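What follows is a set of notes on a single structure, which appears directly below.
The values are calculated or read from the model by the stated rules, or taken from the named source; none is laboratory data. Since the structure is predicted, the reported quantities are computational estimates derived from the model, not experimental observations. Cβ sites come from the backbone with ideal geometry, for glycine too, and all protein chains shown count toward neighbours.
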Amino acid sequence: MRRLIQTLIASVILLILSTTLTAGVGSTAFLALLDESEKNFLVSHPVVSVLYDPAWAPLEYLDIDGKPAGMSKEYLDRISDITGLTFEIDSSLDWQQGYQKLLGGDIDMTASLSSTAERRKHLVFTDPYLSAPLVIVARQDAGYIGNLHELQGRKVVVVQGYSSEEWLRTDYPTLDFISVGTVEQGLRMVQKGEAYCMVENLLVINHYSTNLGLNYEIKVVGNTPYIHALSMGVHNNVAPLSSILDKAIQSIAPEVRQEMYENNLPLQYKKAIAPATVQWLIAISVFLILILVFWIWTLVREIRGREKAETEKETSQQKFEQLFSNAPMPLALIGFEGSVIAVNKQWYSVFGFQGSSINHVSTWYDTVYPDSTYRNSIKKQWDESIEKAKSAVSSLIPPLECIITTQKGVSHTMEVSGTIFSDSILVTFFDISERKLALEEVRHLHQEAEHSRQIVLSALEDQTLLHQSLMRSSATLDAAINSMIDAVFIIDVQSHFILVNKAFLAYYRFSSRDECPPDLSSFKLLFEAYTENGKKLDTQQWSGFRALQGQSGTTEYSVYKIATAERWVGSYSFAPIYDTKQTLLGAVVVCRDITEEKAYEQKLLFQRNHDFLTGLYSRVYFEAALKNLRNKVPFTLLIVDINGLKLVNDSLGHEMGDAVLRKTAQLLSQLCSNDSVVARYGGDEFVFLLEDKTADEAERFIRNLENAAKQVAIESFHLSLSYGYATRSSLSEDVQLVMKRAEDMMNRNKLYESSSAKNKSIGLVINSLFAKSNRESAHSRRVSSLCAFLAEQLGLPEREVNRMRVAGLMHDIGKIGVEEAILNKPDSLTKEEWEVMKRHPEIGYRILSASSEFNDLSVAILEHHERWDGRGYPRGLKGEHISKQARIIMIADSYDAMTSERSYKKPLSSEEAIEEIRNCSGTHYDPAITEVFLATIHRFGAISN
């Protein structure tokens, strides 16, 4: 009876197990793979708790609804279907919290874990089902790391509780580790410079760097000897579960696994070449390079020298042309033999001469100096200045003041100066007409004041000598004084006022004579006087009291009226009054309000010494400051250059370029100390004069400037700067050579920085175009897809297919130079608007040719509107003279334009467009490419969908 009961119980258990497994997989196939202990485990333990890492994408993470997702989740779902097990995932715990519960047995398993010595004390592991290398990631400016020993002394980020932390702390205990909670936290620390690098799984690094937008800020800088061989880890309490999971994983079909990989792994990892294949290819490449290296070496030596010279010459020429063309004052470039090589726009604007009417210095002298005597005098002084500069081995010709008559007969007083180059002279014209008029007016007013003072003194002398005509002289004196525009007062030796005129009351802001105190001593209760530097003057230093002390002369100081808080600047002429026996009788003072004149002088001085756009010091001021340091050391010259400014001007307009210059100047001013000089030196160059600063201090300043520049964005343009500096530490070193060394360093650095800046600027341009016109954005993306499709049908290599995809996307990038109103116009374009639109291939060519990354596409963009019969634009090329890339874009562009909706025309059907292209084969389009297009276009829609 007992045996029968046992048999029945066993039968019931097997029946339940069979039913459970059959419900999970639909058959008993998996059940046959299990032994009795494994079957019993499934019956007794149908629900399994799972530790899940919510911050380890793409392997494990939470989707937008907060549900578990990733490769591990897909494996668990497949295993659940096969075994009938139910996996309960607690997504409320972070990895560090859940990992301790797993080790303690409170959680049964985790789905994605690498086996380590420490973990094997508590867990049983399945066979690995996925592997990925551990790599080192750092910022873009970091160099290559050959091995982990090179990280000594640098901060290394690891995720707490991950296998990477256990391996590194065990094998490299002396490294400086920083533990973080998630991969994202670690990458942010590397991005901000709070840590040097991070060591982690390549799959996870690729995912987070892409999602966080860090691909241009961090990069892989080295490999490690470690591999993440990912298994499922089961606690020792439920050890049989490990073998069940192993058999379930092996039961998953290869094509199903492949599908799971494609759903989750990054594209760049799935298409990676096997390491063995890479090593084999490298070996072949090295062998071929060794064969060619000797021959190449002989050529490189010559080419390098020529390329360097050409690059330096081209860079220097571009900077000079930009500065020359856009300078706010007239400039002329003169040959040593007297020929006028070039003049800038401001020269034409000021002097009015057009075309080649002034082609030699002799013609210039005859035209602008009509008086022959004055002409000969100016010519002699100018020639002597040139010879003096040459003999002194100086490149600067000192300013020469002269009166120049323009083509319209208007005379300008100008300071003409020059800079001697190796083969020519750069002549600068600075208009000082307004300054001369202001100074003449001030001089004239002083002469009037002095004349008035002489009249007063003469009248007083007459009064003393001719007492009998006192009344008549007094009346004359009173009339003369009250008719003067300057304030006049006469005091006796006790400073009592003997006489004041009407202008005196207005000068001191008195409404009547009753408001004026009886003596000058009482003025100290009403007024205060200050020097130009803001120092308060003692009462005895006032002009009236100085005259009573026997002094005479002219002085200036500011006056502050205490009652009304009014301030003004006064000019005072003062003198004592003596009788015939030289006994002091009193004093006379003539004063005038010169506040506006002083302000105007300061304005002229500011305009001369400051750049009109940025407000920084001008080049004239900088060169004067540099000249003052000829007998001083040490000092450092730092040159800062804006990368990609010409591209911004060409594509986004000069208003955007000016905004970049102003923002850069604002940043430089904020970082510059009060004892340093910062000036705009050229179109996109700024220069610092760091007095008493060494090279190390300049390096620290540059690092601060680099960090600050990274935070600056003008609209969507990110500021990029190049630097160069040189320190003068010896009085024997020529100042100009120090400047040359700084420029050379800046030019070298610009070679590395400018390419990246130009590439980023091109991305800005294409995004700006798409923002201007949704229609252009959609059109460009469709043309991109069709170009890639045609390239594939033509049998082009994969690299060329990808380049055609990019070329199609950027084929209309030149339309950034077309007004938004024309781009989005709902009606047909006028003839004038069409001429504007036809310039977009040339604009696109200039933009892309400035970038090393996109230079090879620039010709295709220039030629994509050329026709096979030679009747296209902009150059009218014909047949095979048109690049193949341009011929592919021509067909793709035409097809999409014909089949797309336009407000001013109805779209053609696909069949109508195909027939139109067939009819234009040999006229508009390359016949061979057209034949491939006609044969395959019916497949394009299906593939693109």
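At a glance:
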read-out	value
Filter result for Val589 (outside the structural domain of Ser722 (by TED's automatic domain parsing) and of a type outside the set (Gly, Ala, Ser))	yes
Conditions (1) of a type in the set (Asp, Glu); (2) surrounded by 15 or more Cβ atoms within 10 Å (Cβ to Cβ); (3) under 21 Å from Ser339 (Cβ atoms); number of the one not met by Asp383	(2)
Subset of the range 795-818 that is in contact with a His (Cβ under 8 Å, 6 or more places away or on another chain) and in a loop (DSSP other than H, G, I, E, B) - its residue that is modelled with the lowest pLDDT	Val818
Complete set of residues in the range 537-563 that are acidic (Asp, Glu) and part of a loop (DSSP other than H, G, I, E, B)	Asp538
Residue in the range 734-755 that is at pLDDT 80 or above, out of contact with any Lys or Arg (no Cβ under 6 Å at 6 or more places or on another chain) and outside any helix (DSSP H, G or I) present	yes
In the range 824-861, the residues that are in contact (Cβ under 8 Å) with a residue 40 or more places away in the chain and either in a helix (DSSP H, G or I) or buried (at least 20 other Cβ atoms within 10 Å of the Cβ) (or both)	Ile843, Arg846, Ile847, Leu848, Ala850, Ser851, Phe854, Asp856, Leu857, Ala860, Ile861
Enumerated helices (runs of 4 or more DSSP H) restricted to the range 620-717, each holding at least 3 residues that are touching a Cys at 6+ places or on another chain (Cβ under 6 Å), without any contact (Cβ under 8 Å) to a residue 12 or more places away in the chain and of a type in the set (A, V, I, L, M)	none
Inter-residue pairs, beta-carbon under 7 Å, first within 12 Å of Arg257 (Cα to Cα) and in the range 64-86, second of a type in the set (S, T, N, Q) and at pLDDT 90 or above, 6+ apart	Ser72/Ser112
Given (1) over 30 Å from Lys740 (Cβ atoms); (2) outside the structural domain of Ala506 (by TED's automatic domain parsing), index of the condition Thr583 fails	(2)
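Residues are listed down the side, and each one gets a yes or a no for (1) among the β-branched types (Val, Ile, Thr); (2) assigned by TED's automatic domain parsing to the domain that holds Glu706; (3) modelled with pLDDT under 90:
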| site | (1), (2), (3) |
| --- | --- |
| Gln793 | no, no, no |
| Glu820 | no, no, yes |
| His840 | no, no, yes |
| Ile847 | yes, no, yes |
